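Notes follow once the structure below has been shown.
Each value in this text was obtained by applying a stated rule to the coordinates, not by laboratory testing. Since we're looking at a predicted model, the values are computed, not measured. Every residue, glycine as well, gets a Cβ built from its backbone with ideal geometry; the counts of neighbours run over all protein chains shown.
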Amino acid sequence: MRPAALPDAVAPFVAFATLLRANGFAVAPEQTTTFLSAITLLGPRSLDHIRRAAHAALAPPPERHEEFNALFDAHFLGAVELGREMAEPDPDDMRVQEDRRGGFEPPASDDINEAGQAATAAEALSARRFGPADETDTLRRFQRALPGRLPQRRGYRRVAAKRGPGLDLRRAMKEAIRNDGEIFRLPRLVRRLRRRAILLLIDVSGSMKARTDAHLRFAHALVRAADRIEVFTIGTRLTRVTRALRLRNREQALATASGLVSDWDGGTRIGDALQAFLAVPRFAGAARGAVVLILSDGLERGDPKAMTDAVKRLAARSWHLSWMSPLAAEPGYRPETAALKAILPHLDALADAGSTERLCHHVLNLAQPRAAQSLPLPAEGRGEGILN
């Protein structure tokens, strides 16, 4: 919606949310709606009431409260001249935010997780800036090698071949006409091979903070090399970033993706995010017959049953399901969390995601009958190979 098309009483509040987005704040459309509802319910008698409603509904990061208040004063009091052009969000890039219990989302956390090593159930919304890449050569080689080494499946269309189970009767009749009714050989048909689709799910919670930048760069290389791929981030929310990562320039693509995702380094609700993914038919269809890669440490703080059920449903739809954890880089690693132990029987591989080189190696070997694995799965698991 554009402010000009709104009632006069509502337009300033919607314009404030647009101003926040233009200045790098992550404000989802649902938060704008909540902000308007809060003002309606409170019936504010002063500007301070509106400021408190804005802090509660739009959830600025604690470290940016001063900037948030300055923008609030500039917009509602005209205290500062910003000189920035306000931009409307792209509807195609709106986040999917769903609480599967039907209630309100958890409040934003007031604590800053400096180390990013512990999982938390609280939601912290923030923006993210990506540092310079140090694995460019590895990703460049991976991008060149990937198209020829992706897993393939037989398509429905048939093409001419020297040998094959099917007969090309149309070509046979044409040759017979040219040869006065004689057929010297029987043309054959085979089903054309097509590359399998890829679904990449990246955990951006606080416990994955050390690897998030590298995983997003790996995702950009994967998107540029594969023709059928979908990429989502999961944390406390589900966000589709495929369109942003299709940009040719890597830094521009990562900056665009950073503006879309609002739950960087926040809490961990993997099960809820996966359930939200499966609840959208268009998204769930991307997993059918695809290679599904989940980059996560599996430190689920929510109900492990939700995560187990979601992974089970993903495994039933996919051709191959790999759970790739940076914790698996440690020698003798074995899953410790209840959620990760519960999903092991549904995985094809539990792989090492401790470095970009290991990620690339795993994906390039997916087409092999016994993919290179680093960890053996239990006897009841789907996979039989052992990853290198």
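General remarks:
- Exposure proxy order (Cβ contacts within 10 Å, fewest to most) of Thr239, Thr138: Thr138, Thr239
- Each of Ile229, Ile39, Ile270 was scored by other Cβ atoms within 10 Å of its Cβ. Listed from fewest to most, they are Ile39, Ile229, Ile270.
- Peptides 27-35, 276-284 ordered by packing proxy, namely the average of other Cβ atoms within 10 Å per residue, highest first: 27-35, 276-284.
- The Rg/Rh ratio of segment 154-194, with Rg taken over Cα atoms and Rh as the Kirkwood radius over Cα pairs, comes to 1.07.
- Ranking of Ser262, Ser355 by count of other Cβ atoms within 10 Å, fewest first: Ser355, Ser262
- Across segment 154-194, Cα pairs under 8 Å and at least six residues apart give a relative contact order of 62 percent.
- Within segment 260-303: Cβ-based charge dipole about Cα centre, in debye rounded to nearest 20 (Lys, Arg +1; Asp, Glu -1): 280
- Per DSSP, loop trypsin sites (Lys or Arg not before Pro) in segment 168-217 with at most 11 further Cβ within 10 Å: Arg185
- You can think of it this way: the chain between Ala338 and Gln152 has 63.5 nm of extra reach, that is 0.36 nm per residue less the Cα-Cα gap.
- Distance in nm between pseudo-label sites at Ser355 and Leu186 (7 Å out along the Cβ direction from Cα): 5.5
- Restricting the calculation to alpha carbons of segment 241-323 gives Rg and Dmax of 14.1, 40 angstrom.
- Segment 261-311, relative contact order in percent, only Cα pairs under 8 angstrom and at least six apart counted: 59
- Subtracting the Cα-Cα distance of Arg194 and Glu66 from their residue separation scaled by 0.36 nm leaves 40.7 nm.
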